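This report refers to the structure that appears directly beneath it.
Computed from the coordinates by the stated procedures, all read-outs in this text should not be read as laboratory data. All of these numbers come straight from a predicted model, not from anything done at the bench. With ideal geometry, Cβ positions are generated from the backbone for all residues, glycine too; neighbour counts draw on all protein chains shown.
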Amino acid sequence: MPPARRTETCPMDSTRSFTRAVFAATVLLSALAALRSADPAKSRTVVVFGDSITPGGALPAKDRDQLWLRVIERDAQGALTMVNEGKGGRPTASRGEFDAMLARQPRIDLLVIALGTNDSRDITASCVPKAVVNVRYMVESARQKHGAALPILLVGPLNIDKAALGPTKPIGKQRKTKLREFGDTYAKLAQETHCDFVSLFGAVPESSLSKDGAHPDAAGNAAIAAVLKKKIVP
């Protein structure tokens, strides 16, 4: 029986195999590095659709950097961008404004809906049910535009200082009751629509609402930021 033929490996083939292995390893390491650098949190866009509490209606110019959105953005250390879509006097019935906001925002990674303070001026029994219908519409519209999996945070309105209110001072007690009711009802709506929820009622001390009973000062904005950043900052 003839001896088995020994197959000799060409040095050139060994070199090529080694080169391919090194190249493959380099590509793999580069891909892993790219995945690390492409952290989704670094480009997370948070859009806040709210009333005058969102743009800081009562903050003087010297305290503008203390607005709760800016505080959260700084605390996130570049992990997100807060887009301020707040407007003074806005009620939940602002469906047209909400649709316009969706049209001009090309990207939303988290939508925050913070409304109800202005609705509380209506102390009738239909106030909260009407507001819930409007907020539900916003949730559904946002997910039709930006995907069914869009994360949404519903924010229950903050408390007021009845003694410091202006024209609505005579109904301050009823307004406060409505604001608490908004929080309870939004919590239920959040469960039904698979949204997140947080309440701001009681988060701001009355001493921070002394200007007009409804708009927080810099310390009040810090209190709001402390509550909301737990839900917003990744």
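Work out the length of the dipole vector of the range 39-232 about its Cα centre, built from +1 on the beta-carbon of each Lys and Arg and -1 on the beta-carbon of each Asp and Glu, and round it to the nearest 20 debye.
Dipole size: approximately 140 debye.
Tally Lys and Arg at +1 and Asp and Glu at -1 over the other residues with C-beta under 13 Å from the C-beta of residue 168: what net charge comes out?
Charge balance in the 13 Å sphere: +3.
Can you compute the modelled spin-label distance between residue 87 and residue 206, with each label point 7 Å from Cα toward Cβ, in nm?
3.3
Taking 0.36 nm per intervening residue step and subtracting the Cα-Cα distance, what contour gain separates residue 75 from residue 62 on full extension?
Extending this stretch completely gives an extra 2.7 nm.
Give me the extension gain from residue 137 to residue 100: residue separation times 0.36 nm, minus the current Cα-Cα distance, reported in nm with one decimal.
That pair, residue 137 and residue 100, stretches by 11.9 nm at full extension.
Taking amide H positions as placed 1.01 Å from N in the peptide plane, with prolines and chain starts having none, which residues 5 or more places from residue 81, or on another chain, fall under 5 Å of its amide H?
It is 44, 45, 46, by chain and number.
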